Amino acid sequence: MSADPPFRVAVVVVAALTAVRIAMLFVSGLDLQTDEAQYWVWSTEPDWGYFSKPPLIAWLIGATTALHDSDPFVRLASPILHGATALLLYGLTRRLFGARQALWTAAVYASLPAVTFSSALISTDVPLLFFWAAALLALDRLLESPTRRRAVVLGLALGLGLLAKYAMAYFLLGMGLLAVLDRDARRVLLGQRTLEALLVAGLCLLPHLLWNMQHDWVTAGHTASNAHWARAFETPAKGLEFLGAQFGVFGPILFAALLWRLASLRRQPASPAERFLLVFCLPVLGLVTVQAFVSRAHANWAATAYVAATPLVVGWLFARARRWLVASTALHGAALAAFVLVISGTVAPPLERDPLDRLRGWSAFAARVGELAADRRTDAILVHDRQLMGALLRYLPAPPAPVRVWPGDEAIHNHYEMTRPLTDDLAAGHVLYVTEADEETSIPSRAARVSEAGRFEVPLTGGRVRGFSWVRMEEIGRLR
C-alpha cells in the first residue's frame, strides 16, 4: 500500500488537515471545558479506572502532556488520532472497494464536521473511533486469513477500544450479526481465532474490571445511569432532535445519502462489502436512536456508526452520484475553514451567544478565586459542581488552601466527590465557597456564620462576561 499513488495522496491530504488542526490548538487560546479538565486531572493520577470512564483517555493525556503541560498538549492526541483513523479507513476501503474510493474515504472522514469539532477538544470518542477503525480492518483481514497474529491484532483493538469507552462493546454486536448473516464469516467468527481475539481483549480489560470491582463497580454504574431509563418516554421529542443532529455530525449530504441507501436496500440488496459495513453501522445508529426516543442520547453517542458508514456511503456515491460526493466534501471543507476562522478569533460568529464561550474564562476565574483565598484566612476552597472544580484544579496549580467539592448526599455523583470531598476537619474552619452568579444553594445556611460575601466577573467575548458569587463561611455543620 505504501507504493500506491492514491495512498500517498491520502497521506498528504490527511497530514495537511491534521497540521491545520494542530496549529488551531495553539492559536485558539481556549481553556479546557468540564470533561477535558477532569480527564487532565485523571492523567495526573494514573490508574486502571476512574469514576465515569475507563482509563485510556487519561493515559493519552499523560503521554502528550509529558512533552508540555499546556492546554494544546492536553488536546494534542485528538487531531493526530483522527488523522490516523482516516488512514486506517483508507486501508479498509481499499480492500473493499478499491484505491480511488479509499482516497475519497480518507479525505471525507478527515473532513467530517464531527471530526473537525472533535479535533479541537480531547474526548473519549477520539481513541474509541481509532480502535473501532483498527478493529474493522483487523477483522476484515482475519476473515480473509484467520491466523493467530491477526486474531491478536483484533483482540488488542477490541481491548484497547473498551479501555477508551464501553461503547466499543457495540462492535461485538456487529460481529454477532455478521456471523448470522454471512456463512463464510460464520466459520471464522465461531472458530478458534475469534476466541483467541476475545481472550486478548479480555486480558486487556481485566485490570480495569478488577479496579471496578474494588470500587463498587462505579464506572459501570455511572455508564448505566447515563441512559436515564428511570425517566423513560418523558421527552420523546428528544429523539427527533437526535436525528436532526446527525445531519450535523456526519454532514447533511452524507447522512441523507446513508438514509437513502438504507431505504433502497430492498430494491438494491447490499453487496458483501456493504453488508460487512452495515452490521457495524446500522445497529449502533438504530439502538442509539431508540435510546434517544425512550430517554435521551447525545449527538455523539452514535459516532462509531460513522466509521463504517463513511466507506459505505463513499463507495455508493462514488459509483452512482459522484458529484454529490464532491459537493459534500467541498461543504465540509468550507465548514472547516469557517471553524478555523472562528476558533482562531479572526471572525466572530453571527450569534447572540458564542458557543465557544464555554471554553473561555476558566483560567481567569481560577486566578481570581486564588486571589480571594490568599487575601483571607482560608482553610478550604469549596465548590459544588464538576465544572468549577475542574477549572480550579487545572488553572490554580498552587492553591492557597485545599480545593474541595461539597460531598452531597450518600450517593457519589462524580469523580471529585469520590476523591476530593470536603471533610469535617476542613468544614470546621474558614471556607471560601464559590458558585456561578446568583445560583441558589442551601450550603451557606449550614454554616454557623457567613462573614463575607461578594461577586466578580470574568470577560468572555463580544463584551459578554461570566459572573460568580462567593461567600466566606465558618463552622459548617455535619456534612452527611
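Miscellaneous remarks
- Qualifying positions in segment 280-291 - farther than 15 Å from THR310 by Cβ, touching a residue at least 60 places away in the same chain (Cβ under 8 Å) and in contact with a Leu (Cβ under 9 Å, 6 or more places away or on another chain): PRO283, LEU287
- Checked against the criterion of being touching a helix residue (DSSP H, G or I) at 6+ places or on another chain (Cβ under 9 Å), under 19 Å from PHE255 (Cβ atoms) and crowded, with 24+ Cβ neighbours inside 10 Å, the candidates ALA86, ALA107 yield just one match: ALA86.
- Selection status of SER295, within 25 Å of LEU178 (Cα to Cα) and at pLDDT below 95: no
Each row is one residue, and each column tells you yes or no for (1) exposed (fewer than 15 other Cβ atoms within 10 Å of the Cβ); (2) over 25 Å from GLY29 (Cα atoms); (3) in the same structural domain as TYR50 (by TED's automatic domain parsing).
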{"position": "ASP425", "(1), (2), (3)": "yes, yes, no"}
{"position": "ARG449", "(1), (2), (3)": "yes, yes, no"}
{"position": "VAL458", "(1), (2), (3)": "no, no, no"}
{"position": "GLY467", "(1), (2), (3)": "yes, no, no"}
{"position": "ARG472", "(1), (2), (3)": "no, yes, no"}
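- Annotation note: Cβ proximity below 9 Å between a residue of segment 203-219 that is within 17 Å of GLY161 (Cβ to Cβ) and a residue that is assigned to a helix (DSSP H, G or I) and among the aromatic types (Phe, Trp, Tyr) (sequence gap 6+ or interchain) occurs for THR219/TYR166; THR219/TRP211.
- One residue stands out among those in segment 267-279 that are free of Cβ contacts under 8 Å to residues at least 40 places away in the same chain and not hydroxyl-bearing (Ser, Thr, Tyr): the one that is surrounded by the fewest Cβ atoms within 10 Å (Cβ to Cβ), which is ARG267.
- Meets criteria (surrounded by fewer than 24 Cβ atoms within 10 Å (Cβ to Cβ), farther than 30 Å from LEU143 by Cβ and modelled with pLDDT of 95 or more) for ALA63: yes
- Residues within segment 299-320 that are loosely packed, with under 15 Cβ neighbours inside 10 Å and touching a residue at least 12 places away in the same chain (Cβ under 8 Å), tallied: 0
- Count of residues meeting criterion [among the β-branched types (Val, Ile, Thr) and farther than 16 Å from ALA308 by Cα] in segment 241-271: 1
- Failed condition for PHE280, given (1) under 21 Å from VAL108 (Cα atoms); (2) assigned to a helix (DSSP H, G or I): (2)
- The numbered conditions (1) crowded, with 20+ Cβ neighbours inside 10 Å; (2) farther than 27 Å from VAL13 by Cα are all true for LEU351 except (1).
- The one condition in (1) of a type in the set (A, V, I, L, M, F, W, C); (2) in contact with a Lys or Arg (Cβ under 6 Å, 6 or more places away or on another chain); (3) closer than 20 Å to GLY286 by Cβ that ALA151 fails to fulfil: (3)
- Count of residues meeting criterion [part of a helix (DSSP H, G or I), at pLDDT below 75 and not basic (Lys, Arg)] in segment 199-236: 7
- Residue within segment 104-119 that is within 18 Å of PHE26 (Cα to Cα), assigned to a loop (DSSP other than H, G, I, E, B) and under 20 Å from the mean Cα position of the chain (by Cα) present: yes
- Boolean, THR105 is without any contact (Cβ under 8 Å) to a residue 24 or more places away in the chain and in contact with a Leu (Cβ under 9 Å, 6 or more places away or on another chain): no
- Within segment 136-170, being among the β-branched types (Val, Ile, Thr) and either surrounded by fewer than 15 Cβ atoms within 10 Å (Cβ to Cβ) or not assigned by TED's automatic domain parsing to the domain that holds TRP217 (or both) holds for one residue alone: THR147.
- Filter result for LEU173 (surrounded by fewer than 17 Cβ atoms within 10 Å (Cβ to Cβ), in contact (Cβ under 8 Å) with a residue 60 or more places away in the chain and part of a helix (DSSP H, G or I)): yes
One line per residue, one yes/no per condition, for (1) β-branched (Val, Ile, Thr); (2) in a loop (DSSP other than H, G, I, E, B):
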position: LEU265; (1), (2): no, yes
position: LEU285; (1), (2): no, no
position: THR289; (1), (2): yes, no
position: TRP301; (1), (2): no, no
position: ALA309; (1), (2): no, no
position: TRP324; (1), (2): no, no
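- Of all residues making up segment 329-341, the number that are crowded, with 17+ Cβ neighbours inside 10 Å and either more than 24 Å from the chain's Cα centre (by Cα) or more than 19 Å from LEU254 (Cα to Cα) (or both): 2
- Residue count for segment 17-48 under the criterion of being free of Cβ contacts under 8 Å to residues at least 60 places away in the same chain and either under 25 Å from ALA86 (Cβ atoms) or in contact with a strand residue (DSSP E or B) (Cβ under 9 Å, 6 or more places away or on another chain) (or both): the result is 4.
The values are calculated or read from the model by the stated rules, or taken from the named source; none is laboratory data. No experiment lies behind these values; they were computed from the predicted model shown. When we count neighbours, we look across all protein chains shown, and the Cβ atoms used for this are built from the backbone with ideal geometry, even at glycine.
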